[in-house]
Amino acid sequence: MAEEKTDGSSATAAAGGGAPTVKSIFIYPIKSCKGISVSKAPLSPTGFVWDRHWMVISSKGRGSTQRVEPKLALVQVELPLEAFSFGWQPNNSSYLVVRAPGMAELKVSLTKPGLRSDGVSIWDWSGSALDEGDKAAKWFTDFLGKPSRLVRFNEESETRPTDPKYATGFNVKFPDAFPYLLISEPSLDAVNEQLKDPVSINRFRPNIYVSGCQPFAEDLWKQIKINGLTFQGVMLCPRCKVPTVNQEDGTQGNEPTKTMMKFRSSKVLEVDTTTTQFKGRVYLGQMLVCEDKTNMGKIVSVGDIIEVEKVFPSYADVAV
């Protein structure tokens, strides 16, 4: 794919005429459940610390998401504030706290569980995971109304590589595809201008939410720096059913996807879909990997300036 390198002035132009900054950071400890807004986030080799660290699985071991279990949108999670400090180690009084309407509070110990679930799968990956036990399993089984268990990614024995077609040499835990998703506030604003009922950014579940750029400028960001860390844009994010789930009540509709099809589809954007499985999708956000493999001790904070170093010349050059 073609790319062009920018100098400082053209980088500013590519960003939309000013200095884009990190407006918010979101961590999603349990896949497809509510996120946590944090002021700073430490990096790990697989993404932000604690992001998609856990996942709810079905009786067959398959990962559950809002695509088929929209009620997961109602599950709130809480971690100790100190869990986002480097070098912190959980003790016997450290918990992931889980809450949902009509349910008693669930406390999941952050110390390593002794149980293991084999045959856990998410998309094309399968392996073993650490099992959080029968109490957590009963909680999610009761809430979803079907046999479920809560599992933790087993970092000591498992790896889950990113798709080498887009990024080679990177690993993730339980996100759909890549370690980071970046979306800008002006892009959300542009989407909401077309909608009868505006939606919140939580419909789109970014990790890094950016202000101070032109709408959809992030589509063409090939390489950016945040706090000295180099991120590569590897793929526009093809949106699934999740943005159509109301994150406040767990109901599913057809917006914003129906309206976005008019101006954010692959056909309208004229992206190359000849080698992708995502034909017919709408796109919002850029998925990223961090080139700094030894990023332990590094953080991204709200207010950090984003330096746009390389941009794609056009949508025809962007991976989808």
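Listing for the model above:
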{"quantity": "Rough spin-label spacing in nm, given labels placed 7 Å along Cα→Cβ, for Glu248 and Ser85", "calculated": "3.6"}
{"quantity": "Solvent-accessible ranking of Ser85, Ser148, largest area first, probe 1.4 Å", "calculated": "Ser85, Ser148"}
{"quantity": "Peptides 86-95, 263-272 ordered by average Cβ neighbours within 10 Å, highest first", "calculated": "263-272, 86-95"}
{"quantity": "Pairwise centroid distance, computed over Cα atoms, of segment 210-281 with segment 42-91, Å", "calculated": "22"}
{"quantity": "Residue-by-residue Karplus 3J(HN,Hα) for segment 72-78, coefficients 6.51, -1.76, 1.60, Hz, glycine and proline x", "calculated": "4, 4, 8, 7, 9, 10, 9"}
{"quantity": "Shape category assigned to segment 105-250 from the gyration tensor of Cα positions, a/c cut at 1.5", "calculated": "oblate"}
{"quantity": "Full-stretch length increase - Gln194, Val302 - with 0.36 nm per residue and alpha-carbon distance subtracted", "calculated": "36.1 nm"}
{"quantity": "Among Thr162, Thr276, Thr230: highest mean-square fluctuation, GNM of the chain, C-alpha pairs under 10 Å", "calculated": "Thr276"}
{"quantity": "For q = 0.11, 0.14 Å⁻¹, Debye-computed log10 I/I(0) when each Cα of the chain counts as one equal scatterer", "calculated": "-0.68, -1.13"}
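The values are calculated or read from the model by the stated rules, or taken from the named source; none is laboratory data. Since the structure is predicted, the reported quantities are computational estimates derived from the model, not experimental observations. In this analysis, Cβ positions are derived from the backbone assuming ideal geometry, glycine residues included, and neighbour counts consider all displayed protein chains. Accessible surface areas use protein heavy atoms only, side chains included; no ligands, DNA or RNA. Shrake-Rupley method; radii C 1.70, N 1.55, O 1.52, S 1.80 Å.
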